[in-house]
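See structure below.
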């Protein structure tokens, strides 16, 4: 139970938080990246009366579009290598 927030690239979860705000990753997204989240069978958060459940939205953007934005923000492969080696 509780609210989970994650940043996932492909099948790798890069950042995760539960029951708290977590890191702000919104700088990677734009308004058009907002999509409906799939409701899984047996989801306890789904209201029985058919109303929209809170948190039914997610931000979704392809890696091909995200990489240039990451580079502009300073998150390059080179900075990742330097961080990994230190």
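Can residue 61 be described as surrounded by 10 or more Cβ atoms within 10 Å (Cβ to Cβ), modelled with pLDDT of 85 or more and assigned to a loop (DSSP other than H, G, I, E, B)?
Working: surrounded by 10 or more Cβ atoms within 10 Å (Cβ to Cβ): yes; modelled with pLDDT of 85 or more: yes; assigned to a loop (DSSP other than H, G, I, E, B): yes.
Yes: the conditions hold for residue 61.
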Discussion item. Take the residues in segment 17-58 that are under 12 Å from the mean Cα position of the chain (by Cα), modelled with pLDDT of 85 or more and in a strand (DSSP E or B); name whichever of them is surrounded by the most Cβ atoms within 10 Å (Cβ to Cβ).
Written reply: 17
Worksheet entry | Long-range neighbours under 8 Å by Cβ, at least six apart or interchain, first residue free of Cβ contacts under 8 Å to residues at least 12 places away in the same chain within segment 61-86, second assigned to a helix (DSSP H, G or I) | 76/70
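The values are calculated or read from the model by the stated rules, or taken from the named source; none is laboratory data. Keep in mind that what you see is a predicted model, and the values were worked out from it rather than measured. Here Cβ is always computed from backbone atoms with ideal geometry, including for glycine, and neighbour counts include all displayed protein chains.
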